[in-house]
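Just so you know, all these numbers are worked out from the coordinates, no wet-lab data involved. Note that the coordinates shown come from a computational prediction; the quantities given were computed from them, not determined experimentally. With ideal geometry, Cβ positions are generated from the backbone for all residues, glycine too; neighbour counts draw on all protein chains shown.
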Amino acid sequence: MKQTNISVFVLHNGCPHRCTFCDQRTISGEVKAPSADEVRTLLNEQLQVLRAHNTRAEIAFFGGSFTGIERGYMVSLLEAAHEAVTAHPEVYCGIRCSTRPDFIDEETLDILCRYGMTAVELGAQSMNDEVLRLNERGHTAADVERASGMIKRRGLSLGLQMMTGLYGDKPGYCLETAERFIALGADTVRIYPTVILEGTRLGELYKSGEYRTFGFDETVELCAKLLRMFGEAGIPVIRLGLHASRDVEQRMLGGVYHPALREIAESRIFFEDMHSEMERLGGHSFTVYTDPANISKMIGQKRENKEKLHSMGFDFTIKTEQGTRLRIENAL
Ligand code: SF4
């Protein structure tokens, strides 16, 4: 059975923070906060759709700092979600939310657990305190560690979100952040390369020339490393890059935004693995076996991998092999 999220976008109106990359102040007047009854209606409507597609769903309160919103409002949304999970457990299999690490305490977790929360995602963004300070996050890496420990001790799934290329960031800091996420026992991870939006502090810094984020190639190389690290640790990366959005495209000033970013990063990993295996085997002509699902990533966008390897003196033909990620033999 497939699984998906039914996302309920809850902006943190009145958020006291001023994170450099955030545009919630700009858009909060334009997006209406959903009422508990609107959530009930949404979940009822989606019930039929999910059943028709033989799909289960988690109800996901995303968009801001769920546990920082007005408490009565938060509880009303949780009640609506909990009703759906209780009435239709065969379809609605859990509730998840995203929030800030410093908006997690035992009392808040008591409430979340009472209403059947199954996963909490923390917007950690970086585990480097200087990067957090420069980007006015208003919390430290120690807050992420403290909140992560509390979430894990409750038996909830811990999601950690990181950004790359923030003001003051370096690729090495991002790799350290990934190492610390792994040490914290993250169950899932999301990676968001920074997109600089009009109307944000980062936008001002970018326009003044004081801030340059990582370039596209640098970001692809970094994301490939991060995917490899989390993959080796057995931690699913459930999102890489912002969702495709016309709004983001219209309002972005700079940064890295590409609808196929994950595919491009995975393709980079295939290139590295093919190259090192061909070097190890020796020779110039190879047969490469892989599952049909991997072929486009293996060849690369615009045949980039194939052509790069060719320019290095390696040629290969691909044969499909169900369930195989990568197996290479010298061609006969
Ligand atoms: S990203 Fe920062 S400023 Fe934006 S809503 Fe979250 S905490 Fe507030």
Stretchable slack from GLU106 to SER35, in nm (0.36 nm times residue separation minus alpha-carbon distance): 23.0 nm
Per residue Cα convex hull volume for the range 127-282, in cubic angstrom? 124
Pick from LEU160, LEU122, LEU184: which is most flexible by mean-square fluctuation in a GNM of the chain where alpha carbon atoms under 10 Å apart are linked? LEU184
Would you mind counting up the charge near ALA80? Only other residues with Cβ under 10 Å from its Cβ, with Lys and Arg at +1 and Asp and Glu at -1. -3
Please flag any cysteine in the chain that has no other cysteine's Cβ under 4.7 angstrom from its own Cβ. CYS15, CYS93, CYS97, CYS113, CYS174, CYS223
In the chain, what percentage of the DSSP-assigned beta bridges are antiparallel, given to the nearest 5? 15
Largest fluctuation, GLN24, GLN161, GLN250 only, Gaussian network model of the chain with Cα springs under 10 angstrom, belongs to GLN250
Could you pull the Cα extents of the range 269-332 along its three principal axes, largest to smallest, in whole Å? 26, 26, 17
How big is the chain on each of its three principal axes, counting only the C-alpha atoms and giving the largest first in Å? 69, 52, 38
If the elastic network links every pair of Cα atoms under 10 Å, which of GLU218, GLU204, GLU321 fluctuates the most in the Gaussian network model of the chain? GLU321
For GLN3 and GLU277, FRET efficiency with R0 = 30 Å and r from the beta-carbon atoms, rounded to 0.05? 0.35
Quick one: check the C-alpha center-to-center distance for the range 253-286 versus the range 145-205, whole angstrom. 24
Grab the other residues whose beta carbon is less than 13 angstrom from that of MET274, score K and R as +1, D and E as -1, and report the net. -2
Under a point-charge model restricted to the Cβ atoms of Lys and Arg (+1) and Asp and Glu (-1), what is the dipole moment magnitude of the range 267-330 relative to its Cα centre, in debye to the nearest 20? 200
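Could you tell me which trypsin sites (Lys or Arg not before Pro) in the range 8-115 are loop residues by DSSP with no more than 16 other beta carbons within 10 angstrom of their beta carbon?
ARG18, LYS32
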Counting sequence-distant residues (5 or more places) and residues on other chains, those with an amide H built under 5 Å from that of PHE316 are PHE286
